[in-house]
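Bear in mind that the values in this text are calculations on the coordinates, not laboratory data. All values reported here derive from a predicted model rather than from experimental measurement. Glycine gets a Cβ as well: all are built from the backbone with ideal geometry, and neighbour counts include every protein chain shown.
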Amino acid sequence: MPAFIVFTREKMRNKADYDTYAGKSRATLAGHTVKPLAVYGKCETMEGAPVDGAVIMEFPSMDAAKAWYNGPAYSEARIDRFKGADYRVFIVEGI
C-alpha cells in the first residue's frame, strides 16, 4: 500500500540554514523509490493556521517512507531544516 510523507512549512526562521537543508535533502532520495507529487507549488490554506509551503512525496509503503526519513542521510540533512524553519511532517497510508 503506498504511503505519503507530507511536509508543511509553517514558518521560515533562518533562510541560510534552510538553503543548506534544501541542498542536502535532494541527494538523500537516491536509492529510494519515491515520487514527488507536490513541491512548494501554489498553496492556499482552507482551514487552520496558514502554511508557508508544502511537499507531498509518495513511497511504495509506510516502511519505505520511514526508512528514508529515519535513514542516516536524511537524518543528517534535516538537522539544518530544524534550524531553518518550523515544519509539521506526517506519513499517511494510501488506499
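Worth a mention:
- Sequentially through region 56-68, phi angles give Karplus couplings (6.51, -1.76, 1.60; θ = phi - 60°) of 10, 10, 9, 10, x, 7, 4, 4, 5, 5, 5, 4, 5 Hz, Gly and Pro residues having no value and appearing as x.
- Distance cut-off 17 Å, percentage of C-alpha pairs in the chain lying past it: 51 percent
- You can think of it this way: the chain between Asp63 and Tyr40 has 5.8 nm of extra reach, that is 0.36 nm per residue less the Cα-Cα gap.
- Flagged links, alpha-carbon separation over 18 Å, of Lys35/Lys66; Lys15/Lys66; Lys42/Lys66; Lys15/Lys83; Lys35/Lys83: Lys15/Lys66; Lys42/Lys66; Lys35/Lys83
- Each residue of region 79-88 is assigned a 3J(HN,Hα), and the resulting list reads 4, 5, 5, 4, 6, x, 7, 9, 10, 10 Hz, derived from the Karplus form 6.51 cos²θ - 1.76 cosθ + 1.60 (θ = phi - 60°), x at Gly and Pro.
- Which of Thr33, Val92, Thr45, positive extreme of dipole for region 3-93 (C-beta unit charges): Thr33
- Extension gain, Arg26 to Asp52, is 7.4 nm, computed as 0.36 nm per intervening residue step minus the present C-alpha separation.
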